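The values are calculated or read from the model by the stated rules, or taken from the named source; none is laboratory data. All values reported here derive from a predicted model rather than from experimental measurement. With ideal geometry, Cβ positions are generated from the backbone for all residues, glycine too; neighbour counts draw on all protein chains shown.
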Amino acid sequence: MDVLEWPLEALQSIYQAYRDLIRWAADAVHTLFKDYGYLAVFVGTLSENTLFVGLLVPGSLVIILAGISAHDGTFSAPLALLIGVAGTIIGDTISYCLGRFGWARFGFLRRATEQVREPILSRGTAFILTYHFAGYTRVVGPAAAGLLGMPFRKWAPADYGGAVLWVSAYIGIGYFLGILGVTLDSTDEYFRYLEWILLGLVLIFGYQMYTAALKAYEEHQRKQEEEKSAKAVEAGSD
């Protein structure tokens, strides 16, 4: 029994630390929304969808929390949607231009697009329309489209349409949570449901990043093996 006590206590401590962090973050976001209003929504979505900044800024959570705030009257839902879409579109466009005009100069950044190269080339518009809904593809997808030379006139309608779908869905989730009684008040009895939902989103995002990193590592190892084999064949022929 003593063997199990330490792991259980460790898990409880981790979960409690997570709850404390979420409650602190909710209070901070609530204050941020009150102090800066729609600017917080714009900066959150812009950062989320600008190349690699999205790995540090949880824009998806900002949109959900904006949806909750829209229900309690802090925000206007249509205006929050409009501003969120604007931030997303600007961030995506910056990433696309970086891919189209500057990405090739950075080899390690080029490797980051390998996971989305095949779906962009094979599914094109359909993939671009939906890549906002996955953490890794949302971060590198626009830059990868630019790197692969996809014409802007073909990329933009699909990406911008996907931005509308993504922001609408996440604001809708937040608004629905508000209907269920969830608020940004960390002392509210329903706040625990928000904790569970955010934990689920964090785990999903973490899993996506882990699988993407694992695939990139395996691809890197495969290429190294191919290079070694090619060098061995050349050495043998000499």
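For (1) modelled with pLDDT of 70 or more; (2) under 28 Å from T93 (Cβ atoms); (3) assigned to a loop (DSSP other than H, G, I, E, B); (4) touching a Phe, Trp or Tyr at 6+ places or on another chain (Cβ under 9 Å), each residue gets a yes or a no:
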position: L165; (1), (2), (3), (4): yes, yes, no, yes
position: D185; (1), (2), (3), (4): no, no, yes, yes
position: W196; (1), (2), (3), (4): yes, no, no, no
position: G200; (1), (2), (3), (4): yes, no, no, no
position: I204; (1), (2), (3), (4): no, yes, no, no
- Task: Go through (1) crowded, with 20+ Cβ neighbours inside 10 Å; (2) at pLDDT 75 or above; (3) more than 11 Å from the chain's Cα centre (by Cα) one by one and return the number of the condition L39 breaks.
- Result: (1)
- Query: Give me the pairs: first residue in segment 141-169 and at positive phi, second residue polar (S, T, N, Q), beta-carbon distance under 9 Å, and six or more apart or on different chains, which are they?
  - Reply: none
- Pick from segment 123-159 the residues that are hydroxyl-bearing (S, T, Y) and within 17 Å of G99 (Cα to Cα): which of them is surrounded by the most Cβ atoms within 10 Å (Cβ to Cβ)? Y131
